[in-house]
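Structure first, then comments.
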Amino acid sequence: MPDTLSTAIAELKHEEAIAMVTARIGRGDDVFAILAACRDGMTLVGERFQRGDYYLSELLLAAEIFKQAAAALEPLLARARFPAPVGRVVLATMRGDIHDLGKNIVATLLRAHAFDVHDLGVNVEPATLVAAVEEVQPDFVGFSALLTTAFDSMKAAADLLREAGWRNRLTLLIGGGVTTPQVKEYVGADFQTVDATAGVDYCMAVQKERQRGR
Ligand code: B12
């Protein structure tokens, strides 16, 4: 059910949406609930784009509103720090996809939970990802995807990781609006989610388990 904040984002009411975020922060609303409302707004924008009611310029404006909202929420997200097992994470949006709003949120949340995050950015070539893994030696690799066309580059990267002997030494997560359990199977990942906090919880649980086994 869209609330007023998600509706304001969907209707591209920039100032109104940011004022609502600020007011909700001021009232002490749960930061994750505010974030969820912003994401719902983006989903509505996507639906309008798909129906042909919105064009690329509207997507761009929505992205700008979301970025500003996320910037206002970031200090609160970063403060929600728990005593946590520390691990290294490499994050990327793979070749063919330039969406990064969700990835950036996951990065913020992981950092808030004391993970060392290496964010490779967007449109990342599978070979570049593998080179970064060789260098960073992460416990986790996370792919973020908003385009179905990125599934092949995620799978290519996962295959390269397996060929290089990395696959059983790290945990592979995928996330982003278009991912599903079927995509997880196709890519050969260990975990899939469309919820950044579920991804962070999963990393913490896996890392705790690893440290118990050491
Ligand atoms: C904003 C947006 C854009 C912006 C992106 C700005 C940016 N810096 O990211 C701009 C305008 C640039 C854009 C461009 C395009 N877009 Co666009 N875009 C969107 C929109 C409206 C919102 C996406 C978004 O940011 N959502 C908010 C974030 C926070 O949600 P999220 O990514 O799902 O992330 C959450 C979780 O999934 C999770 N998560 C995300 N990643 C990860 C990773 C890990 C490891 C974990 C654990 C968790 C996790 O954490 C987040 C918080 O919980 C969607 C609509 C929609 N329904 O999603 C379309 C959408 C994704 N775009 C679409 C399209 C088609 C395009 C274009 C091809 C349009 C065009 N004709 O040029 C181009 C793509 C160019 C390219 N090569 O990538 C389609 C994709 C269709 C498909 N099935 O492939 C969508 C679905 C719109 C639609 N309904 O048609 N877009």
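What follows is calculated from the coordinates using simple rules that are stated; it is not laboratory data. If you're wondering where the values come from, they're calculated on a predicted model, not measured in any experiment. All Cβ positions, glycine included, derive from the backbone under ideal geometry; neighbour counts span all protein chains shown.
Any residue at all in segment 187-194 that is surrounded by fewer than 20 Cβ atoms within 10 Å (Cβ to Cβ), in a helix (DSSP H, G or I), away from the ligand (no atom under 14 Å from the Cβ) and not hydroxyl-bearing (Ser, Thr, Tyr)?
No, because not a single residue in segment 187-194 is surrounded by fewer than 20 Cβ atoms within 10 Å (Cβ to Cβ), in a helix (DSSP H, G or I), away from the ligand (no atom under 14 Å from the Cβ) and not hydroxyl-bearing (Ser, Thr, Tyr).
Table: residues versus (1) among the β-branched types (Val, Ile, Thr); (2) more than 9 Å from the ligand (Cβ to nearest atom); (3) farther than 22 Å from Asn123 by Cα.
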position: Ser6; (1), (2), (3): no, yes, yes
position: His14; (1), (2), (3): no, yes, yes
position: Val21; (1), (2), (3): yes, yes, yes
position: Cys38; (1), (2), (3): no, no, yes
position: Arg48; (1), (2), (3): no, no, yes
position: Gly52; (1), (2), (3): no, yes, yes
position: Phe66; (1), (2), (3): no, no, no
position: Ala72; (1), (2), (3): no, yes, yes
position: Val106; (1), (2), (3): yes, no, no
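Would you mind stating whether Ala205 is crowded, with 16+ Cβ neighbours inside 10 Å and more than 7 Å from the ligand (Cβ to nearest atom)?
For Ala205, the condition - crowded, with 16+ Cβ neighbours inside 10 Å and more than 7 Å from the ligand (Cβ to nearest atom) - is not met.
Out of the residues in segment 140-172 that are over 17 Å from the mean Cα position of the chain (by Cα) and not in a helix (DSSP H, G or I), state the one that is surrounded by the most Cβ atoms within 10 Å (Cβ to Cβ).
Looking at residues that are over 17 Å from the mean Cα position of the chain (by Cα) and not in a helix (DSSP H, G or I), I get Leu170.
Quick one: what pairs do we get from segment 124-152, first residue in contact (Cβ under 8 Å) with a residue 60 or more places away in the chain, second away from the ligand (no atom under 13 Å from the Cβ) and assigned to a helix (DSSP H, G or I), C-beta under 7 Å, 6+ apart or different chains?
As it stands, the answer is Asp139/Gln207, since those pairs meet every condition given.
Quick one: count up the residues across segment 162-179 that are of a type outside the set (Asp, Glu) and over 16 Å from Thr93 (Cα atoms).
Taking segment 162-179 first, the residues of a type outside the set (Asp, Glu) are 162, 164-179.
Narrowing the set further to residues that are over 16 Å from Thr93 (Cα atoms) leaves 162, 164-171.
The total comes to 9.
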